[in-house]
Amino acid sequence: MATHPHMTTHEAIDFLREDFDLTAHPKMVYRAVKEARDRMMGNERQQYGKLRDYLLEIHRSKPGSSALLDLIPQPQAAPMFDKLYVCFEACKQGFKSGCRPLIHLDGAFLKTYHGGQLLSAIAQDANNQFYMVAYAVARSENKESWKWFLTCLQEDIGDVGNHGWNFMSDQQKGLLPALKEVMPGAHVRNCVMHMWKNFINRFKDLHIREIVWECARCTTISEFKATMERLKVVNKDAWAYLMKFEPATWVRAYFSHGPKVDNLTNNMCESFNAKVVKYRSKPILTMCEELRCYVMRRMVQHKKLLGTHEGKLAPVQEKRLQRLIKPSNKWTTNWIGDNERKRFEVTHKGSKVDVDLIKHSCSCNKWQLTGMPCIHAIAAIRKRHDNPDDYVHPWLCMESIRKTYEHFIQPVTSEEYWTRSEFTKPAPPVLKRPIGRPKVHNRQKDPAEAVIDGDKLKRSFYVTCSKCGERRHNYKTCKGAPSNPNWKPKTKKPKTKAKDSQSLVVLPLSQSAPEKEIIEDSPPAATNPHHVEQNSANESVANEGNSNANTASMNEQVFGPSVAAVQTQSVPPKAPFKPPAQSTSRPARGTFRPKQPFRRKTVTYKHSQPVPPVQSEQHLPSPQQPTASGASPQTLAAAGKATQGLFKFIPTPGLDKPSS
């Protein structure tokens, strides 16, 4: 653990198996790694109780440093940790002496057991390197924590009205409302990178993918308006979305000229978080000490590297200026005749700009934004045979860097030399389990990342929460407030039993049938006056024709003439159908069809015995209540008469009768 302080449980398991041929349970290895880490770095819970002693040591090493601790009082218990703020005297004086007045604000997660947020205020020196001003540790990132952090920061660096501070943010939770309360009137910029990611998430058109950056890089108001008009013609919804944002927060044309920085992104904070990411996984006291040592080493390193540099400008600014000198030869410079000879009209291919060397201004607005002469100003400066370095803002020169890094952080002794505090030791914060099922900690791909697998399509449908109206979650895992004050969670309706469905009588049809059908006598049925008249008519037809005509007449009476004709030609005879008996032990169900009883049929041969005529008096059952199958007895009897010959034995033509 001393040589590999960031060893994980899986790495420890592999190490034991490969080097010592040992196989241990993952939980056992986890406890062993945790115990070894506690011995090397200190117990995380115990370190919260030592915060008062550590802050007193910071005050002792440099009385001008700010080290504040905010606790939550608990009844009949030790106070609980809430927030921590640290601003070293060297960082405070170096920022006010040589850095540009633009402060980048951001928050990062702490990867410890108790969690938390690392809030940071990062500036930019003359060499475009990040410079830490102050940091804070809070339980969560919200308006209250940002307001407390900004209040402490304002007490250290001064009021906005006197110094003209500008701020850059990623629009974190509660940051913008806190800035308006603590520092009203301060100019605030939004990170265009985050705006662009949200934009391409909403609008998938590739033609307008880079329109956000094109608008943000506009340095004049007329250029910005022309770009927005082109976007309005292509996609009106995208134009309306960008118009919701104040142009002064993301367009260079509306930026303040005071900071001499035209940054569009919050890369200073991103660079700082990337450098200290390995410290954010350590206990709070160890992390604070590691941050102090890192800032101290960084200040010494920059002081050594830049102390030997020869030249008026910082190394990065000197390279920027050299890249603009050669292209300035393409521009034509015309003096307008002023007495100081510092007002010029610079032209190139029909484009004209006004350059004023006294006010350090140009029509393109780049000189006012950055403090570095633009390509038009360099052309006018070279027309006068002046040195372009003399027209660069002092905040970009080596003198500002020397003022920034002339201060140094005082050393802090180890724990055994600290002065013990007389107050109660603070307790660690209480862990709060988030709402919903624990998520798998897989990294979410950035919308700007290229798609590796082109065969997989992106999901186009997302579930919508009925509580807050947002997408990608439901009301059971919703962490927000309901959009409707009268909202109530949905309840499941009780299940109702399905009603018994009526069974249908299916009459199978055959494609082939014999020339002459042999019909078996059906048993007599109950008398019915209506059906007696029909049966008498059938008797007269049966006397005049044969058995086939008799069958067709019966089918015509029951099913109609068209169905009877079809059955006479293509439907073979079938045995009479009888409804199955209703079982008393098992209730009838719509989907249950009982097994029909098997009946042995008598076989007759059409060439040996004549077909007996159909009985003239056949009585159909009287109308009764529908059976369990859903059909009346009359319908079932008629269907049985029409299909009584379907299961008759059909002999093969030309086959002799078997001998007895």
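The values are calculated or read from the model by the stated rules, or taken from the named source; none is laboratory data. Worth saying up front: this structure is predicted, and the values here are computed from it rather than measured. Please note: Cβ atoms are built from the backbone with ideal geometry, for glycine as well, and neighbour counts cover all protein chains shown.
Check segment 438-456 and report whether any residue there is basic (Lys, Arg), at pLDDT below 65, more than 30 Å from THR112 (Cβ to Cβ) and assigned to a loop (DSSP other than H, G, I, E, B). So far as segment 438-456 goes, yes, one or more of its residues are basic (Lys, Arg), at pLDDT below 65, more than 30 Å from THR112 (Cβ to Cβ) and assigned to a loop (DSSP other than H, G, I, E, B).
Restricting LEU242, LEU291, LEU231 to residues that are surrounded by 14 or more Cβ atoms within 10 Å (Cβ to Cβ), farther than 20 Å from CYS191 by Cβ, under 27 Å from the mean Cα position of the chain (by Cα) and assigned by TED's automatic domain parsing to the domain that holds GLY94 narrows the list to LEU231. Which one is farthest from ALA126 (Cα to Cα), of the residues in segment 291-341 that are of a type in the set (S, T, N, Q) and either assigned to a helix (DSSP H, G or I) or in contact with a strand residue (DSSP E or B) (Cβ under 8 Å, 6 or more places away or on another chain) (or both)? Looking at the filtered set, the residue picked out is ASN334. Yes or no: ILE58 under 27 Å from LYS92 (Cα atoms) and of a type in the set (Val, Ile, Thr)? So ILE58 passes the test. Among the residues here, SER140 qualifies as polar (S, T, N, Q), surrounded by fewer than 20 Cβ atoms within 10 Å (Cβ to Cβ) and over 28 Å from VAL212 (Cβ atoms).
For segment 475-491, what are the residues that are assigned to a loop (DSSP other than H, G, I, E, B), of a type in the set (Ser, Thr, Tyr) and within 23 Å of the chain's Cα centre (by Cα)? The answer is SER483, and nothing else. Does PHE149 satisfy the condition of being part of a helix (DSSP H, G or I), surrounded by 23 or more Cβ atoms within 10 Å (Cβ to Cβ) and not charged (D, E, K, R)? Considered against the rule, which asks whether it is part of a helix (DSSP H, G or I), surrounded by 23 or more Cβ atoms within 10 Å (Cβ to Cβ) and not charged (D, E, K, R), PHE149 comes out as yes. Considering every residue within segment 91-113, establish whether at least one is under 29 Å from CYS191 (Cα atoms), part of a helix (DSSP H, G or I) and of a type in the set (Asp, Glu). No - not one qualifying residue is present in segment 91-113.
Taking the stated definitions as given, is THR3 modelled with pLDDT under 85, farther than 30 Å from LEU179 by Cα, more than 38 Å from the chain's Cα centre (by Cα) and not in a helix (DSSP H, G or I)? Considered against the rule, which asks whether it is modelled with pLDDT under 85, farther than 30 Å from LEU179 by Cα, more than 38 Å from the chain's Cα centre (by Cα) and not in a helix (DSSP H, G or I), THR3 comes out as yes.
Scanning segment 162-185 for residues that are modelled with pLDDT under 90 and within 21 Å of PHE130 (Cα to Cα) turns up HIS163, GLY164, ASP170, GLN171, GLN172.
Would you say ARG280 is under 25 Å from PHE167 (Cβ atoms), out of contact with any Asp or Glu (no Cβ under 6 Å at 6 or more places or on another chain) and not assigned by TED's automatic domain parsing to the domain that holds PHE167? When the stated conditions are applied, ARG280 does not pass them.
Among the listed residues LYS173, LYS204, identify the single one that is within 29 Å of the chain's Cα centre (by Cα), under 23 Å from ALA248 (Cβ atoms) and not aliphatic (A, V, I, L, M). Only one candidate qualifies: LYS173. Residue count for segment 231-252 satisfying the condition of being touching a Lys or Arg at 6+ places or on another chain (Cβ under 9 Å) and either touching a residue at least 24 places away in the same chain (Cβ under 8 Å) or closer than 14 Å to GLU214 by Cβ (or both): 9. Is segment 359-370 home to any residue that is crowded, with 17+ Cβ neighbours inside 10 Å, among the basic types (Lys, Arg), more than 19 Å from HIS385 (Cα to Cα) and out of contact with any strand residue (DSSP E or B) (no Cβ under 8 Å at 6 or more places or on another chain)? Looking through segment 359-370, at least one residue is crowded, with 17+ Cβ neighbours inside 10 Å, among the basic types (Lys, Arg), more than 19 Å from HIS385 (Cα to Cα) and out of contact with any strand residue (DSSP E or B) (no Cβ under 8 Å at 6 or more places or on another chain).
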